[in-house]
Amino acid sequence: MSRIAIIAALPGELKPLVANSYWRRLAPRVWSGALNGHEAIAIAGGIGAACATRAVDVALSHGAVDALLSYGWAGAITCAVKPPDAFVISEVVDHLSRERFPTSYPEGLRLITLDHVVGYYEKRPLAEAHGAVLVDMEAAAVARAAIRRRLPFYCFKSISDGYTDRLPDLDHFITDGRLRTSAFIAHAALRPFYWPSLIRLAGNSARAATNLAELLSKSLPAKL
């Protein structure tokens, strides 16, 4: 039986996936279970590349794996994709280094990894520069970890925020890969022009996580 490591940023991304009886919690933000005939470990390691890299190390501390999988929410940078849909990713592009990382799925979408939360005015230039439709902050780091260990790399993402959504600058509220929720809520509460997008984000994120779990269950191959 193969064993996979599923690397996410936030527990909410994994919640629908690990909710059934095939999964059990090993530690805060760490679960083990079974998926499509594979043993699996799932980790919500935090936001950003450094957290994703550490999450891979945590996964491997629980035993060897046969594939690494980047999993979770992404932002739409064109109107071609919309929340709360979920997608298989065929290629990840690191925006800073311009490196391209093909996944083990030849048919899918292209995702850009940034080192910060994408701003509204960055979306269209990023899409045009890379021919991509989605953006995240972790997938390229997981891809690098897979290359270093000569492991297959998979990537599944769902849309939490749409192309036209305008959100507060979340980077100011992220410390050591964790969102300081109370500070963020206090900031947003005084800025009602953000409320419509934040309300959509809350609803879309939950549905996107459910759609992502369903997509992974249908799409993860029986043989890695």
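The values are calculated or read from the model by the stated rules, or taken from the named source; none is laboratory data. All figures in this text were calculated on a predicted structure; none of them were measured in a lab. Backbone-built Cβ (ideal geometry, glycine too); neighbour counts: all protein chains shown.
Points to keep in mind about this one:
- Test result for LEU151, under 16 Å from the mean Cα position of the chain (by Cα), at pLDDT 80 or above and crowded, with 17+ Cβ neighbours inside 10 Å: no
- Qualifying residue in the range 33-47 (condition: surrounded by fewer than 21 Cβ atoms within 10 Å (Cβ to Cβ), at pLDDT below 95 and in a loop (DSSP other than H, G, I, E, B)): yes
- Any pair with Cβ under 7 angstrom, 6 or more apart, that starts in the range 197-220 at a residue that is exposed (fewer than 15 other Cβ atoms within 10 Å of the Cβ) and ends at one that is among the polar types (S, T, N, Q) and modelled with pLDDT under 95: SER217/ASN36
- Residue that is farthest from SER197 (Cα to Cα), among those in the range 89-109 that are surrounded by 14 or more Cβ atoms within 10 Å (Cβ to Cβ) and of a type in the set (Asp, Glu): GLU99
- Criterion violated by ILE112 - all others in (1) surrounded by fewer than 20 Cβ atoms within 10 Å (Cβ to Cβ); (2) without any contact (Cβ under 8 Å) to a residue 40 or more places away in the chain satisfied: (1)
- Residues (surrounded by 13 or more Cβ atoms within 10 Å (Cβ to Cβ), touching a helix residue (DSSP H, G or I) at 6+ places or on another chain (Cβ under 6 Å) and over 13 Å from ARG166 (Cβ atoms)) located in the range 180-196: ARG180, PHE184
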